[in-house]
Ligand code: AMP
Ligand code: MG
């Protein structure tokens, strides 16, 4: 049985990063939420021109020595227009936020510090030289690196790409993640439940998570616990998807065929079981063009192993830079006492909340049993007890993994 760290390393080593063939150019509009596949530079300076950060008056700082300076207004410069005059000694220009600074001016006085009298203005307080001027190129110089490859394009990055007039954006294609639910007992949610039957909830939970990860779920449905049926479903899945997530059939029971079938199909088994609770039977195998995760069937185990192990792998495979792969850990106070058997690294589910300005982990009420899907709802963090630690007292600090 591998430790969590060993399993994580094997998985991250064996799941490939995307290559050139995975890059596509999309329109700016279609790039939102995608992963940038190459660094972007711009041939524009930011700001493009010296401009004003305030509504006020553009002045020559040297004119402000004798207070209160009284200057002649020679021009009005709204945003989007080009100044016509060069400021001479004793002159000012009325200027608005974002408007170009006129030649000769070096400072902007905010409107609130002035007194206007017809075509003259009195400066009531002297700002520092250069105040409220945004200098051309002071944020970014043309040709410098603008955005690195391997980042997700969120709101701020999209605004930067638009400002740089980047109309075609190189991004990685979305991953195709096939979902297979195995088990004779499983039925679709729209079917009546016979004795001993259970709804295939994993297909829905995993599809939602895959979507959240920016990948494309390919729902292959329920496969019964029959070796031939499973083998042909797996064979099809590994040919059509970049990553396969199956659930169930990886434990040590009579009907747990998956690991054997993966080997028969030529898969290289990297992980067969992990000292983690829940999620011990997690199985990972690689095929020439596909990474295969055999998740445990229990709904909590399936999601916890996704959060802990599959997430980093999907991030790598989808093209995110290495600094984003590892899970996000936090050290917070536990509201409740937490218990573990101490033999496996134990993940307990619950919620983070802010109490008096401090973040606290609150254990989900009810049974912390890997079959109890119900109290997993609204989980946004997992508290982690390492091997050997059997409890955390209420109020003590605990390491948590953010999952939302
Ligand atoms: P297994 O890993 O196949 O032994 O399944 C472990 C437990 O998870 C059993 O109680 C299964 O009924 C349940 N289970 C397996 N697959 C699913 C699924 N797709 N959705 C919900 N529960 C499942
Ligand atoms: Mg099963």
I want to verify the translational diffusion coefficient of region 221-359 in µm²/s; compute it with Stokes-Einstein, Rh as the Kirkwood radius over Cα pairs, at 25 °C and 0.890 mPa s. 147
What order do you get for 201-211, 170-180 when each peptide is scored by the mean count of other beta carbon atoms within 10 Å, highest first? 170-180, 201-211
Computed label-point distance, nm, for sites residue 27 and residue 53 using a 7 Å Cα→Cβ extension: 3.7
What's the angle, to the nearest 10 degrees (0 to 90), between helix 4-14's Cα axis and the longest principal axis of the chain? 70
Given labels modelled 7 Å from the Cα in the Cβ direction, how far is it in nm from residue 390 to residue 328? 3.5
Compute the distance in nm between two label points, each set 7 Å from the Cα along the Cα-to-Cβ direction, one at residue 289 and one at residue 120. 8.1
Consider all pairwise Cα distances in region 361-404 and report the whole-number % of them above 14 Å. 55
Euclidean distance between Cα centres, region 237-287 to region 102-169, Å: 55
How far is helix 227-240 tilted, in degrees, relative to the longest principal axis of the Cα atoms in the chain, given as a value from 0 to 90 rounded to the nearest 10? 20
With the radius of gyration and the Kirkwood radius both derived from the Cα set of region 218-262, what is their ratio Rg to Rh? 0.93
Considering only the chain, percent of DSSP beta bridges that pair antiparallel, nearest 5: 65
Whole-percent pair-distance distribution, where bins are 10 Å wide, for the alpha carbons of region 51-134: 22, 61, 16, 0
The ratio Rg/Rh over the Cα atoms of the chain, Rh being the Kirkwood inverse mean 1/r radius, stands at 1.19
Relative to the compact-globule scaling 2.2 N^0.38 Å, provide the ratio for the alpha-carbon radius of gyration of region 240-285. 1.14
Using the alpha carbon gyration tensor of region 329-402, what are the three equivalent-ellipsoid semi-axes (square root of 5 times each eigenvalue), largest first, in whole Å? 18, 16, 10
Taking only Cα atoms, what is the 0 to 90° angle, nearest 10, from helix 202-212's long axis to the longest principal axis of the chain? 20
Packing-based order for 11-18, 225-232, using average beta carbon neighbours within 10 Å, highest first: 11-18, 225-232
Take the Cα of residue 191, step 7 Å along the line toward its Cβ, and report every residue of region 226-246 whose backbone nitrogen sits under 14 Å from that point. 226
Full-stretch length increase - residue 321, residue 216 - with 0.36 nm per residue and alpha-carbon distance subtracted: 35.8 nm
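Every read-out reported here was derived from the displayed coordinates using simple, explicitly stated rules and does not represent laboratory data. Keep in mind the model is a prediction, meaning the values are calculated, not measured. Positions of Cβ are backbone-derived with ideal geometry, glycine not excepted, and every protein chain shown enters the neighbour counts.
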